[in-house]
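Novice: If you scroll down you'll find the structure; I have some questions about it.
Laboratory data are not the source of any read-out in this text; all were calculated from the coordinates shown. Since this is a predicted model, take the numbers as computed values, not measurements. Methodologically, a virtual Cβ is constructed for each residue, glycine included, from the backbone with ideal geometry; neighbour enumeration extends over all protein chains shown.
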Ligand code: GLU
């Protein structure tokens with residue numbers, strides 16, 4: 001692989017990151033070697049009858065990176081850009097994310113190469129059910145528990161749960177998280193990632209001795225994560241001056257009301273053209289003059305090309321892997337405080353864990369309880385990472401990875417190598 005490809009290939013980036021941390025923490029070579037490989041990966045073909053009577057064959061993946069700390073855990077994404085290397089990288093990130101949060105899971109990820117916008121509801125359901133039955137040998141409440149990710153939602157989780165259950169002959173709600181509440185989902189799960197991002201933002205500002213009032217915030221992405229983050233930060237008093245979505249972005253230096261923007265988007269299908277705002281490009285959005293930049297879309301958005309132009313002082317990574325390693329170095333040299341993805345966006349998988357625990361207990365908590373417990377875990381994780389970063393004089397990303405890899409390594413060592 002050429003150097004340039006290595007710098008942008010998500011899996012190569014994840015491996016590079018692991019190698020650097022291994023050196024820093026003196027990771028035992030056998031554990032390092034083991035962590036460099038996914039435990040299991042499955043590629044499946046998914047033949048679907050389309051509405052016009054033709055048959056399309058899609059490709060899907062499920063990768064389990066590591067299961068040392070508990071069952072594999074991680075979302076499923078539907079996107080034309082899905083690749084096996086991307087899913088491998090995201091599975092590894094899930095291992096680190098769960099370890100940083102201190103929840104008893106390993107890491108996994110799944111994906112199907114498709115464009116959900118071009119599929120009817122019926123096609124989407126058939127695709128989901130067939131994909132589920134193709135990966136059924138891997139998943140299960142004690143084995144590997146999928147959840148929503150890009151372009152998947154609670155309805156898709158319901159179809160996965162139903163397909164798995166029909167095959168077993170009884171209802172197995174614990175096979176997925178992010179389900180609708182009516183079939184065993186958790187209160188607060190839909191908003192959990194965005195709520196967690198908000199807690200992390202507030203913790204960061206407190207550490208930097210800054211208030212949230214009138215802080216200028218730019219958010220790239222207005223989906224499950226970005227829209228909730230925008231609304232909660234707005235309610236905390238922040239000024240949301242820019243919001244981006246796939247079609248472009250909107251800007252108002254005096255501040256946008258994300259609740260109104262969301263209403264407008266529901267009516268028109270896009271945020272573009274929202275009253276009292278100027279339409280701008282995604283490139284302009286990321287380079288806006290602001291205090292806090294929150295990429296909440298997809299990987300590789302902040303690169304060595306745009307990093308020199310970023311004006312925010314704080315970068316909160318709500319998406320998975322939004323910053324390339326070379327961009328990371330530029331941001332560090334500019335003194336921008338970066339809070340890494342595996343810490344920032346852990347709220348989703350933390351409430352997934354709550355959903356799974358509630359299901360096992362058969363006892364369900366109020367939304368207030370869920371949110372309080374989420375805050376507890378996120379605050380604790382933030383402080384652990386911050387303390388380590390100050391002690392070791394390393395970035396928050398390095399500290400979070402050091403913490404995560406050390407935890408997995410300790411468990412690996414204590415379990416030993418079989419046979
Ligand atoms: N897809 C989310 C993530 O990347 C949630 C995963 C989960 O809840 O298992 O963290």
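Novice: Taking all pairs of different Cα atoms in the range 317-370, averaging 1/r and flipping that mean, what Kirkwood radius in angstroms comes out?
Specialist: About 13.5 Å, per the Kirkwood formula over Cα pairs.
Novice: Quote the Stokes-Einstein diffusion coefficient, in whole µm² s⁻¹, for the range 1-153, based on the Kirkwood radius over alpha carbon pairs, a temperature of 4 °C and a viscosity of 1.567 mPa s.
Specialist: It diffuses with D of about 80 µm²/s by this estimate.
Novice: Another question, if that's okay. Using a 7 Å offset from the Cα along the Cα-to-Cβ direction at both residue 8 and residue 283, what is the distance between the two label points in nm, to one decimal?
Specialist: Output for this residue pair reads 1.5 nm.
Novice: Next up: Per DSSP H run of n ≥ 4, the term is -39500 (n - 2.57); total these for the chain, divide by its residue number, and report the mean residue ellipticity at 222 nm rounded to 500 deg cm²/dmol.
Specialist: Per the formula, -14500 deg cm²/dmol.
Novice: Give or take rounding to whole Å, what are the principal axis extents of the alpha carbon atoms in the range 123-260, in descending order?
Specialist: Result, largest extent first: 56, 33, 24 Å.
Novice: Where does the Debye-calculated log10 I(q)/I(0) of the range 261-419 sit at q = 0.17, 0.18 Å⁻¹, using only Cα point scatterers of equal weight, no solvent?
Specialist: Here the Debye-derived log intensity ratios amount to -1.14, -1.19.
Novice: Could you pull the Cα extents of the chain along its three principal axes, largest to smallest, in whole Å?
Specialist: 56, 54, 49
Novice: Report the Rg/Rh value for the range 30-111, based on alpha-carbon coordinates and the Kirkwood definition of Rh.
Specialist: My calculation of the ratio gives 1.10.
Novice: How high is the relative contact order of the range 199-276, given as a whole-number percent (alpha carbon pairs under 8 Å, six or more residues apart)?
Specialist: Across the range 199-276, relative contact order equals 24 percent.
Novice: Further question: Below 8 Å, C-alpha to C-alpha, sequence gap of six or more: please give me the relative contact order for the range 162-306 in percent.
Specialist: 21
Novice: What is the Å³ per residue value for the convex hull set by the Cα atoms of the range 165-235?
Specialist: In the range 165-235, the Cα hull volume divided by residue count equals 108 Å³.
Novice: Can you tell me the relative contact order of the chain? Whole percent, Cα pairs under 8 Å, sequence separation 6 or more.
Specialist: It comes to 15 percent, rounded to a whole number.
Novice: More than 17 angstrom separation, counting every C-alpha pair in the range 202-342; what % is that?
Specialist: The answer is 55 percent, as a whole percent.
Novice: Enter the per residue convex hull volume of the range 333-419, computed from alpha-carbon coordinates, in Å³ rounded to the nearest integer.
Specialist: 132
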